1. Given points 7 Å out from each Cα along the Cα-Cβ axis, report the residue 87 to residue 18 separation in nanometres with one decimal.
2. Along Cα→Cβ, 7 Å out, is where each label goes; now give me the distance between the ones at residue 129 and residue 36 in nm to one decimal.
3. Using the heavy atoms of the protein chains and a 1.4 angstrom probe, tell me the accessible area per residue for region 13-122 in square angstrom.
4. Add -39500 (n - 2.57) for each DSSP H run of 4 or more in the chain, then divide by its residues: what number comes out at 222 nm, to the nearest 500 deg cm²/dmol?
5. Give, rounded to the nearest 20 debye, the magnitude of the charge dipole that region 1-88 has about its Cα centre when Lys and Arg contribute +1 at Cβ and Asp and Glu contribute -1 at Cβ.
6. For labels at residue 26 and residue 106 in the simple 7 Å Cα→Cβ model, what's the distance in nm?
7. Compare 95, 34, 58 in a GNM of the chain, Cα atoms joined below 10 Å, and give the one with the largest fluctuation.
8. Report, to the nearest whole %, how much of the accessible area of the chain belongs to carbon and sulfur atoms, 1.4 Å probe, protein only.
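The values are calculated or read from the model by the stated rules, or taken from the named source; none is laboratory data. The structure presented is a predicted model; accordingly, all values stated were derived computationally and were not measured. Ideal geometry is used to build each Cβ from the backbone, glycine not excepted, and the neighbour counts take in all protein chains shown. For the accessible areas, the whole protein counts, side chains as well, though only heavy atoms, and no ligand, DNA or RNA atoms are used. Shrake-Rupley method; radii C 1.70, N 1.55, O 1.52, S 1.80 Å.
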Amino acid sequence: MVASSPADALLAGESSRLLASHKLGTQAGIRIQLLDNGEPAEIMTVPASALRLFVNLLTEMSHGNAVTLIPTRAELTTQQAADLLNVSRPYVVKLLDEGKIPSRTVGKFRRVRFDDLMAYKRKDDEAREKILHQLSVEAQELGMGY
């Protein structure tokens, strides 16, 4: 996890704005130059997608948000899964017991793949959005001023 100090947040904000001003388009790779004490050191090509991710990371840091990078195939503990969903660990265990999120057992502990957890979250968010839309339509039909 990367947490930013106020000085880091300010520098991250400036950096993200500068990088975001460059149009990455559909390029596969972006050439960047590293400097060592202000002197040119190396020129390298990085994937444009990695640079976009870096801009997003800097933007989050500029807002003072801690950032964690998790590979999609990473396996999480039930507590880590609960933290990412912003729910309790017992609730995650219930979801696993009900088969709503796939998991596997390692010894006596359960592990949840990050991509499976995010698939569940997307479905849950979509269902919640659909219900909110229905409630909004009903409120407008009833003239409740929403």
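1. About 4.3 nm separates the two model spin labels.
2. Rounded to a tenth, the inter-label distance reads 4.8 nm.
3. Details: 7590 Å² over 110 residues.
Each residue of region 13-122 exposes 69 Å² on average to a 1.4 Å probe.
4. Details: 5 runs with 75 residues, N = 146.
Taken over the chain, the calculation gives -17000 deg cm²/dmol.
5. On the way: 5 positive and 8 negative charges, 79 e Å.
Around 380 debye, computed over region 1-88.
6. It is 4.0 nm.
7. Its mean-square fluctuation being the largest, the pick is 34.
8. Here it works out to 56 percent.
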